[in-house]
Amino acid sequence: MTNDPPRVYLAGPDFCHPQAEVLIQNKKLICEKYGLECVSATDTDLQFNSPNRPAAGLANHAAVIELLKSCDALIANMNPFRGPSMDVGAAFEMGYMAALDRPVVAYSSDQQHYAARVARLHDVIEQPLQEFNGRLCTPDGLAVENFDLVDNFMVAGAALAKSAAISEDFEGAVRWARRLTDA
C-alpha cells in the first residue's frame, strides 16, 4: 500500500487561457492544500505547432489518455467555453474517467441551466427558441435538452454520479474530490 496522495486530473480549457501556466499552477497549489496531487494536459508534451497537425492531435490524445489512466479522480471545469456548453475535450475526459468508474467532480461559475444559456444565445442572434409538442426547440425544429442541469445530461450525469454537487468554484470541487478519493 502506498501513502502517495490521490492523483487528480484537471479537465477543461485552462491551457487555452493567456495566463495558463499561472492559472494551472494556482489550481495545483489549491489541490496540494487538500492533500491531492494535481496534473493536467500541460504535464504532457502537447504538440501545437507541428507541421503534421493530424499526427500531433493524435499524439496529444494518446498522451492525455495515458495521463488520465494514472489518475484516481478528475475535476472538470464545466464553465461555458466558446458557446453555451462546456469544452468538448473536457466532456470527453469526464466520460473516459466515468467509464473507468473513477470519481468525476465538476465546477461552473455559471450555474444557469443549459437550456437557459441556449435560449439566451438564440435571443442574441434573434432566433428565439420555441416550444413544439411540449419540447423546447430551435427555429429549425431541433430539440434543446431541458433537464434543468448545468450542461448536457451525459456530462452533468458523470459529475453527479458519485453524489457530489457541481460546485460554483474550483475549491468546492477540490473538496468533493478529496472526500471521494478518501472513500
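The values are calculated or read from the model by the stated rules, or taken from the named source; none is laboratory data. Bear in mind that the values here come from a model prediction, so they are computed numbers and not experimental data. Cβ placement follows ideal geometry from the backbone for every residue including glycine, while neighbour counts extend to all protein chains displayed.
Observations, loosely collected:
- Applying the criterion of being at pLDDT 95 or above and farther than 19 Å from residue 172 by Cβ to the residues of segment 20-31, the residue that is surrounded by the most Cβ atoms within 10 Å (Cβ to Cβ) is 25.
- Residues being in a loop (DSSP other than H, G, I, E, B), in contact (Cβ under 8 Å) with a residue 60 or more places away in the chain and under 23 Å from residue 92 (Cα atoms) - total across segment 1-58: 3
- Where helices (runs of 4 or more DSSP H) sit wholly within segment 83-183, those with at least 1 residues that are touching a residue at least 60 places away in the same chain (Cβ under 8 Å), surrounded by 12 or more Cβ atoms within 10 Å (Cβ to Cβ) and within 14 Å of the chain's Cα centre (by Cα) occupy 88-99, 153-160, 170-182.
- Residues in segment 32-71 that are more than 16 Å from the chain's Cα centre (by Cα), under 22 Å from residue 172 (Cβ atoms) and not aliphatic (A, V, I, L, M): 32, 33, 34, 35, 37.
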